Amino acid sequence: MTINIKKCTLEDSRKLQEISYETFNETFKHQNSPENMNVYLERAFNLKQLEKELSNISSQFFFVYFDNVVAGYLKVNTNDAQSEEMGAESLEIERIYIKKKFQKHGLGKYLLNKAMEIAMERNKKKIWLGVWEKNENAIAFYKKLGFVQTGAHSFYMGDERQMDFIMTKTLI
């Protein structure tokens, strides 16, 4: 069992699109209407949007490989790329997704540690993320790793307004 991380580039946009669709569907399809899922997937993961995000110097994407197979990915944001105004001392984990068949192998924690490493390299004082209030497994995972709920914000899945908890971890 080998685990590796690779920073994504513009050349990875199609592979990033594929894993984004797959992991988002696996995670949320059973709790949302097909119409709202399709609207969100097309808006968030079309190639033009992903290429724009990959080109933003305040955002970084990383693939995690499990035995040389792409198993998931991480997206982190700083500065004005953060989805909420959290200040210059914060790093946002916007996306952290692992394919279902690769879950329970420590890959989520591995990616979270990568995000903390980036935050510390950039002298950030805290990391934060938004997690759907109904995603109980993810909430429990983040709490176990020291995150606490510090707020909430709206998230739109198609035309449906949902609530994301904002969870924060202070770095030492």
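Worth pointing out:
- Out of Ser13, Ser83, Ser20, one residue alone is among the small types (Gly, Ala, Ser), at pLDDT 95 or above, surrounded by 13 or more Cβ atoms within 10 Å (Cβ to Cβ) and under 18 Å from Gly158 (Cα atoms). It is Ser20.
- Among the conditions (1) at pLDDT 95 or above; (2) buried (at least 16 other Cβ atoms within 10 Å of the Cβ), Asn135 misses just one, which is (1).
- In the stretch 86-116, residue farthest from Thr23 (Cα to Cα) [restricted to those that are touching a residue at least 60 places away in the same chain (Cβ under 8 Å) and open to solvent by 40 Å² or more (accessible area, probe 1.4 Å)]: Lys114
- Among the candidates Phe147, Phe155, Phe66, Phe141, residue that is aromatic (Phe, Trp, Tyr), surrounded by 19 or more Cβ atoms within 10 Å (Cβ to Cβ) and touching a residue at least 24 places away in the same chain (Cβ under 8 Å): Phe66
- Only one of the listed residues (Ala71, Ala119) is buried (at least 21 other Cβ atoms within 10 Å of the Cβ), among the small types (Gly, Ala, Ser) and closer than 12 Å to Ile5 by Cβ. That residue is Ala71.
- Qualifying residue in the stretch 51-59 (condition: in a strand (DSSP E or B) and either modelled with pLDDT of 95 or more or farther than 24 Å from Tyr156 by Cβ (or both)): yes
- Summed over the stretch 35-54, the residues that are open to solvent by 70 Å² or more (accessible area, probe 1.4 Å) and either closer than 23 Å to Ile118 by Cβ or under 13 Å from the mean Cα position of the chain (by Cα) (or both) give a count of 2.
- Matching residues in the stretch 30-50 - criterion: being of a type outside the set (A, V, I, L, M) and part of a helix (DSSP H, G or I): His30, Gln31, Pro34, Glu35, Asn36, Asn38, Tyr40, Glu42, Arg43, Phe45, Lys48, Gln49
- Hits in the stretch 23-34 (condition: surrounded by 15 or more Cβ atoms within 10 Å (Cβ to Cβ) and hydroxyl-bearing (Ser, Thr, Tyr)): Thr23, Thr27
- When the stretch 158-172 is filtered for residues that are acidic (Asp, Glu) and open to solvent by less than 50 Å² (accessible area, probe 1.4 Å), only Asp164 remains.
The values are calculated or read from the model by the stated rules, or taken from the named source; none is laboratory data. Predicted, not measured: the structure shown is a model, and the values here were computed from it. Cβ coordinates were reconstructed from backbone atoms using ideal geometry, including for glycine residues, and neighbour counts include every protein chain displayed. The area values use the complete protein model at the heavy-atom level, side chains included, leaving out ligands, DNA and RNA. Shrake-Rupley method; radii C 1.70, N 1.55, O 1.52, S 1.80 Å.
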